[in-house]
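The values are calculated or read from the model by the stated rules, or taken from the named source; none is laboratory data. Since the model is a prediction, treat every value here as computed from it, not as a measurement. So basically every Cβ, Gly included, is an ideal-geometry build from the backbone, and we count neighbours across all protein chains shown.
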Amino acid sequence: MIAPSLPERTVIVMPTYNERGCLEPMVAALRALTLPGLSVLVVDDNSPDGTGALADGIAERDPEFVSVMHRPGKLGLGTAYKAGFRWALDHGAGRVMEMDADFSHPVSAVPRMVEMADRCDFVLGSRFTGGASLGERWGAGRRLLSWTGNAYSGWLTGIPAADITGGFTCIRRAVLERIDLEPIKSEGFAFQVELKYLAHRQGFKICEVPIHFAQRRDGKSKMSLKIMLEAFWRVVELRLRFR
């Protein structure tokens, strides 16, 4: 008798910094999906509000579903994802997801994105493709800024997607094994653009799943003028580096 094959493992890499109010309900919502092979890696940057300690407690109660990586301080979103990606690959993940802990990324979209990753290399949870929507509290200025950032990035990089700057993705293992993560120094959504651009240059297929991008439930946005300026020149630097 042939033993049934195990489901391919999907690891959600979830960076946290002062996400104590959201983390436990987020993990519970993901657990409730009962998606075979799904697990969560919390990458905490020594959150002053005790998010890391809370994550440890959750992991102790459910070690098969939750793992925790502690870092000594706020080292940046890009480095958190790179460290999480390496951990996931080292622990046998066939798919790796990026996801925020604050419920701005809809848990309900996770199964659709995982399923699409069976036929697509790099799946984006998209705020701007057909059928997508934004939370009611998104003001006109924020909508314009986000749309402009995506249009600018798409124009310079040629990435075939409507939401290039978003951080809700499902990535096949082969993508992360092929591209060189080490030179990526970007933070914020510049990291997201650079990651997608490197995958696109390698010929990987990029697809989008429309999502409802809600307002965060708790915590503060990590967006800053420094991150915005970095994104502006980093996209130009990408074109110059690979022209």
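A few notes on this one:
- Residue match in the range 52-61 (condition: part of a loop (DSSP other than H, G, I, E, B), surrounded by 16 or more Cβ atoms within 10 Å (Cβ to Cβ) and either touching a residue at least 12 places away in the same chain (Cβ under 8 Å) or hydrophobic (A, V, I, L, M, F, W, C) (or both)): no
- Within the set 189, 122, the sole residue that is touching a Gly at 6+ places or on another chain (Cβ under 9 Å) and either under 22 Å from residue 12 (Cα atoms) or loosely packed, with under 15 Cβ neighbours inside 10 Å (or both) turns out to be 189.
- Test: residue in the range 66-83 that is closer than 21 Å to residue 107 by Cβ, without any contact (Cβ under 8 Å) to a residue 12 or more places away in the chain and out of contact with any Cys (no Cβ under 8 Å at 6 or more places or on another chain): no
- Selection of the range 166-213 for residues being small (Gly, Ala, Ser), outside any loop (DSSP other than H, G, I, E, B) and on the phi < 0 side of the Ramachandran plot yields 174, 190, 199.
- For the range 92-103, the condition holds for at least one residue, the condition being that it is in a strand (DSSP E or B), in contact with a strand residue (DSSP E or B) (Cβ under 7 Å, 6 or more places away or on another chain), among the charged types (D, E, K, R) and farther than 10 Å from residue 168 by Cα.
- Number of residues in the range 143-173 that are buried (at least 24 other Cβ atoms within 10 Å of the Cβ) and over 17 Å from residue 208 (Cα atoms) equals 0.
- Per-region count, the range 65-101, residues crowded, with 22+ Cβ neighbours inside 10 Å, farther than 21 Å from residue 179 by Cα and under 14 Å from the mean Cα position of the chain (by Cα): 1
- Failed item in (1) modelled with pLDDT of 70 or more; (2) over 17 Å from the mean Cα position of the chain (by Cα), with residue 209 passing the rest: (2)
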